[in-house]
Amino acid sequence: MSFLAGRRLRRPRMAGWSRALVRETQLSPSDFIWPIFVIEGTNERQPVASMPGVDRLTIDLAVAAAREARAEGIPALALFPNTDPARRTEDGSEATNRDNLVCRTLSAIKEAVPEIGLVADVALDPYTTHGHDGVMAGEEILNDETVDILTRQALVQAQSGADIIAPSDMMDGRVAAIREVLDDEGFEKTIIMSYAAKYASAFYGPFREAVGSGARLRGDKLSYQMDPANHEDAVREIEQDIAEGADWIMVKPGMPYLDICRMAKDRFDVPVFAYQVSGEYAMISFAGAAGAIDREKAMAESLMAFKRAGCSGILTYFALEMARELNR
């Protein structure tokens, strides 16, 4: 018998039971963080046109969603507000209001479903009239002035019940500043999950529609988000955020940057998360609706790719749907 005849790699693939025995990567509901968009009002859902199946929810329905997540074994939610235009300003000061939409949602969910972890996004784009993550002087995004506001935003979120503070703004030094303020105010147990490698991506469009910042965006975010061409830049950003006190790091977007996820997993001794962003969700959903792909299989395959790349968890709009499938 030839060597090749005795070493047939197809053998373990030929039956479902044998494929299950040698499967290297497993996916479970505990791998997911479910992003939720919140709005003012009561018992109201607003569909996001560019994200089929995703709705903006009032606080009472966000609480109900948290109960659904708990029932399906999803460990955490991430909250993003669609802020009333009347409350948007050039400096995004509504972000530091202890009674803002996100803070009230955090408090309501934490009171009703205390077992669910809550992730609070730290950035100014849902609160500014210009749609940027920081304050502006002319066309320039001001780093240090923005960081001062972000630290106050992070503090009111922690006071409202956030378990994880997630700065997504990409300003220099914000992780250290937030860690210092949280520790000084008695929130030393609050986790910081830094958007350490956040790229200036074309895949964010539906998200910006969902939070109401897309049409307001003045110019682009190339001066602070990362160049999609760069790999070593991500290494430096991740190193700096860990040195400043980040407990976990995130790569965003997800699938176009799986190489960055794997690099971070192999190189750094912290949990790595990825955000399967709105554009990724929309592509799979619209292609599925058009009959171009099998939506459910593509959903599962895409999420498995994050785990195979080394991610500890995934922020995904598929979280509830995928958790239900896995539980069945």
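Coordinate-derived values only; no laboratory data. Since this is a predicted model, take the numbers as computed values, not measurements. Note that we place each Cβ from the backbone using ideal geometry, even for glycine, and neighbour counts take in every protein chain shown.
Can you work out which of the residues in segment 161-204 that are among the β-branched types (Val, Ile, Thr) and in a helix (DSSP H, G or I) is nearest to Glu244 (Cα to Cα)?
Once the filter is applied, the top-ranked residue is Val175.
Among the residues of segment 277-307, write down those that are of a type in the set (Val, Ile, Thr) and in a loop (DSSP other than H, G, I, E, B).
Taking segment 277-307 as the starting set, the residues that turn out to be of a type in the set (Val, Ile, Thr) are 277, 284, 293.
Once the filter is applied, which keeps residues that are of a type in the set (Val, Ile, Thr) and in a loop (DSSP other than H, G, I, E, B), segment 277-307 yields Val277, Ile293.
Looking at Ala210, Ala274, Ala215, can you tell me which residue is on the phi < 0 side of the Ramachandran plot, assigned to a loop (DSSP other than H, G, I, E, B) and in contact with a Lys or Arg (Cβ under 9 Å, 6 or more places away or on another chain)?
Values: Ala210 fails: assigned to a loop (DSSP other than H, G, I, E, B); Ala274 fails: assigned to a loop (DSSP other than H, G, I, E, B).
Step by step, each of Ala210, Ala274, Ala215 is checked, and only Ala215 is on the phi < 0 side of the Ramachandran plot, assigned to a loop (DSSP other than H, G, I, E, B) and in contact with a Lys or Arg (Cβ under 9 Å, 6 or more places away or on another chain).
Restricting attention to segment 159-180, and to residues there that are surrounded by fewer than 21 Cβ atoms within 10 Å (Cβ to Cβ) and at positive phi, which single residue is nearest to the chain's Cα centre (by Cα)?
Step by step, filter segment 159-180, then rank; the result is Gly161.
Mind checking which pairs have a first residue in segment 213-234 that is farther than 9 Å from Tyr199 by Cα and a second that is among the acidic types (Asp, Glu) and assigned to a loop (DSSP other than H, G, I, E, B), Cβ under 6 Å, 6 or more apart or different chains?
Qualifying pairs under 6 Å: Ser213/Asp125.
Of Gly92, Gly41, which residue is surrounded by fewer than 21 Cβ atoms within 10 Å (Cβ to Cβ), of a type in the set (Gly, Ala, Ser), over 19 Å from Thr316 (Cα atoms) and in contact with a strand residue (DSSP E or B) (Cβ under 8 Å, 6 or more places away or on another chain)?
From the options Gly92, Gly41, the qualifying one is Gly41.
Which of the residues that make up segment 67-86 are touching a strand residue (DSSP E or B) at 6+ places or on another chain (Cβ under 8 Å) and among the small types (Gly, Ala, Ser)? Give the derivation first.
Looking only at segment 67-86, we keep the residues that are touching a strand residue (DSSP E or B) at 6+ places or on another chain (Cβ under 8 Å), and these are 69, 74-82.
Hits for segment 67-86 are Ala69, Ala76, Ala78.
Looking only at segment 308-324, which residues are part of a helix (DSSP H, G or I) and in contact with an Asp or Glu (Cβ under 7 Å, 6 or more places away or on another chain)?
If the condition is that a residue be part of a helix (DSSP H, G or I) and in contact with an Asp or Glu (Cβ under 7 Å, 6 or more places away or on another chain), then Leu320, Ala323, Arg324 are the ones that fit.
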